[in-house]
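The values are calculated or read from the model by the stated rules, or taken from the named source; none is laboratory data. Predicted, not measured: the structure shown is a model, and the values here were computed from it. Here the Cβ positions follow ideal geometry from the backbone for every residue, glycine too, while neighbour counts run over all protein chains shown. Accessible surface is based on the protein model in full, side chains and every heavy atom, while ligands, DNA and RNA are left aside. Shrake-Rupley method; radii C 1.70, N 1.55, O 1.52, S 1.80 Å.
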Amino acid sequence: VQLQASGGGLVQAGGSLRLSCAAYGITFSRYTTGWYRQAPGKQRELVARIRSGGSTNIADSVRGRFTISRDNAKITVNLQMNSLKPEDTAVYYCYAQRDFSSADYWGQGTQVTVSS
C-alpha cells in the first residue's frame, strides 16, 4: 500500500494550492480518505475528510476556503485550498481508512508554507 501526496509548496497569503494524493494497493472506493496537517509545535489535526459515500467533514478553521473531493477511478483525493493564510502553514498528510475498520494508511506528508 502506498499513498503518494503532491502539490505542496510556497505561496503568498491569499493564494491557492491544490494537494493531490494517489492511493495504490487498496480498494480506494471502500475507504474514507482525507487530509490532516501538523504545524511546528502543534498536534496533528484533521483538515478534511470524505467518506466512501461522498459525505464530507471540514474543519471549522478552513471551512469556506478548502474543498475536498475524490475520484475513485483515479484513486485520488484532492484538497483545493483557496484564500490561504499564514496559519495554514503545516505539513499536510493524506490518509485512507477502511470503512468499519481501524486499519489506516498514511502518505509521506507535503509541506505547505504560506507567507504573509
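Report yes if some residue within region 17-31 is in a loop (DSSP other than H, G, I, E, B), within 30 Å of Ser116 (Cβ to Cβ) and not aliphatic (A, V, I, L, M); otherwise report no. Spell out how you get there, then give the answer.
Going residue by residue through region 17-31, those that are in a loop (DSSP other than H, G, I, E, B) are 25-27.
The next check asks that each one be within 30 Å of Ser116 (Cβ to Cβ); those that pass are none.
Looking for residues that are in a loop (DSSP other than H, G, I, E, B), within 30 Å of Ser116 (Cβ to Cβ) and not aliphatic (A, V, I, L, M), one finds none in region 17-31, hence no.
Is at least one residue of region 34-45 closer than 15 Å to Gly109 by Cβ, among the aromatic types (Phe, Trp, Tyr) and either part of a strand (DSSP E or B) or at pLDDT below 95 (or both)? Among the residues of region 34-45, at least one is closer than 15 Å to Gly109 by Cβ, among the aromatic types (Phe, Trp, Tyr) and either part of a strand (DSSP E or B) or at pLDDT below 95 (or both), which makes the answer yes. Scanning region 72-104 for residues being out of contact with any strand residue (DSSP E or B) (no Cβ under 6 Å at 6 or more places or on another chain) and open to solvent by less than 40 Å² (accessible area, probe 1.4 Å) gives a total of 1. Applying the condition of being more than 13 Å from Val91 (Cα to Cα) and not in a strand (DSSP E or B) to region 1-16 and asking which residue is modelled with the lowest pLDDT yields Val1. The C-beta contact set for region 69-92 (first residue closer than 21 Å to Arg44 by Cβ and at pLDDT below 95, second residue part of a helix (DSSP H, G or I) and basic (Lys, Arg), distance under 7 angstrom, 6+ apart or interchain) is empty. Of all residue pairs spaced 6 or more apart or on separate chains, those with beta-carbon atoms under 7 Å, a first member in region 35-61 that is in contact (Cβ under 8 Å) with a residue 60 or more places away in the chain and under 14 Å from Gln97 (Cα atoms) and a second member that is open to solvent by 30 Å² or more (accessible area, probe 1.4 Å) and of a type outside the set (Val, Ile, Thr) are Trp35/Tyr93.
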